[in-house]
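Structure first, commentary second.
The values are calculated or read from the model by the stated rules, or taken from the named source; none is laboratory data. Values in this document were obtained by computation on a predicted structure and should not be read as measured data. Here the Cβ is made from the backbone with ideal geometry for all residues, glycine too, and neighbour counts use every protein chain on show. What goes into the accessible areas is simple: the full protein's heavy atoms, side chains included, and nothing from ligands, DNA or RNA. Shrake-Rupley method; radii C 1.70, N 1.55, O 1.52, S 1.80 Å.
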Amino acid sequence: MSCWPNIGTTMFTCKRNGLLFSGRYISPSTTFRRQSTTVQFYQNRQLELYASKEAKPLTLRQLVFFGRSMNEERLIKSANYVRTELPVRIAHRIRDLQALPYVVVTQEGVARVYELYWLAFEKFRRYPPIITLADNNEFCKFLSGILNEHATVIPNLSLGLSLSSPFLLPDQLDSFMRRMLISRISRRVLAEHHIALSDSHAGRSKEHFGEPHVGIIFTGLNVKRSIEKCATLLRERPFWAEDNWDARVKGNGWPDVIIEGHLDTKFAYIREHLEYIIFELLKNSMRATVVKYQGAISLPSIRATIVAGENDVGIRISDQGGGLLSSENQIKTPSDLFSFSHVRNAARMENSRLGALRNASTSEQGVKATVDEQLGRWQQAMLHKIEVENEKTIEAHVREAGEGWHPRIGIGLPMSYIFATYFGGSLELVSLDGWGTDVYLRLPKLGTNLEGIEV
Ligand code: COI
C-alpha cells in the first residue's frame, strides 16, 4: 500500500509529526514545501523520468580497468558517468521510500533520509556537465560534501525501520533495507572511486603503505594483513566495548587471533569493505569469548583461516564463545541476526539500542570511519596519551578517536552481510551451540560479478 501521494493524485492536506503534506507534495522538506504545486508536480515528473531509467551496474573489474590508465578525457568521462548515474540510483530509492506505508515514513529517521535523498537528487539533476579538469575539481568537492552530509543515513534508516517494525512484515522490511543499503554502498563506491581517481591523477593520492590500488580498489589486497590490522585495533582499544567491559577485560585480556591457511592470499577488492566485515566478525567473536570465559585464567584463541579458491577467497572465523545461544538461552538463527526487524531480532527495540541509534543519527560523524582511519586516530590518541597527564583528558581523547566508528548500534552483522553480498559474495554463520561459532565469508576474486543493486 502506498501512502505517499503519486503523480496525478488529487489534492490533499494533512499534518503529521510537524510535517505538512499537501497537494501533490512529496517531500517533507521545508524548501520543497514552500514551492508551488506546479513546481512540485514538475519535480515529481523529474523523479519519474529518472526512476524510469535503468541503473547501469558495474563489475569490480570494469572499475579497475577503466581507472587503470587514467587521462584527462577518461577522468571527465568518469565524472559525467557519476553525475548522471547517481541521480538515477537515488530516484529508484526515493520511489521505494514513497511506496512505504505512511506510518513508516513519518517515523523519526525515515523522513530525514527521504529529505536528504530528495536534496541530493535535485543537486545531481541540476549539476552541469563536467568539461574541464577544473570543473572536475569542483565536482569532487561537491561529491565529498554530499558523502559527508549522508554519513548519518544508516543510523537514521535503522532507527526509523526499527521503530516501524511493528507495521511491516519482516520480509518486507528486510528486503526494503537491503535495497536501500546495497544502493547506498554502490553510490558511495562510485563517488569515492571517482574522487580517488581524480586525486591520483592530480598527484594527491593517499599513502597506502605501498599496496597497489586503482581508485578505492586494492588490486593486491593482502588478506592476512587486513585480518591482523583488525585484530590489533580490537585488542588495543577497549573503548568500543561497553557494559563494564573494561572490568571484564582486565581479568584475562582479549583472545588471541591465530591466522592460518593460505597466508599469502592477495586479490582485488575494496579494502574498506573487507575490513568492515572482518572487524565486525572478530569483534563478535572476541565479545562472545570474553563473556563465556569470564573469570577464567586464559581465553581460547580465535582462528581465522584463509583459503584462496579458484573463484573466490574464503575466510573462516572460528571462536569458542558458546555459539549463537542468546542470554535467554534462545538460539538465534543467522536470518534473525541479519534482520533489521524487531520481530526477528527483539534487541532492535531495546532502549539502549534505540538510544545509541539516536546518538549516531544526529552526530555529525554518523558512521563513516574506516579501519585505516581508525587505526590512525588510535595511534594519534596513544601518542597524545604519552604527552598528557590528566586522566580525563586521556579518556576524552581516546573516546574522540572512537567516535563515528562502529558505534554499538546493532547493525554490524546485517551491514557485514550486505557488504559481503554487494559483489556476489556470501556470509554464513554456523553455530555449535554451547561451544562456538564458525563464520564463513566468501568474496569473489575474479571481479566479474555485477554490483547486486536492484532497480
Ligand atoms: C549516501 O551516502 O546515502 C549517498 O547516497 C551518497 C551519494 C549521493 C554520493
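Residues Trp435, Trp118, sorted by accessible area with the largest first, give Trp435, Trp118 [1.4 Å probe; ligands and nucleic acids excluded].
Surface calculation, 1.4 Å probe, protein heavy atoms: Asp433 sits at approximately 70 Å² accessible.
Using only Cα coordinates, the Kirkwood hydrodynamic radius of segment 168-234 works out to 14.6 Å. Scoring 270-283, 218-231 by mean Cβ neighbours within 10 Å over their residues and listing the highest first yields 270-283, 218-231. If you take the Cα centroid of segment 153-226 and the Cα centroid of segment 292-322, the two points sit 25 Å apart.
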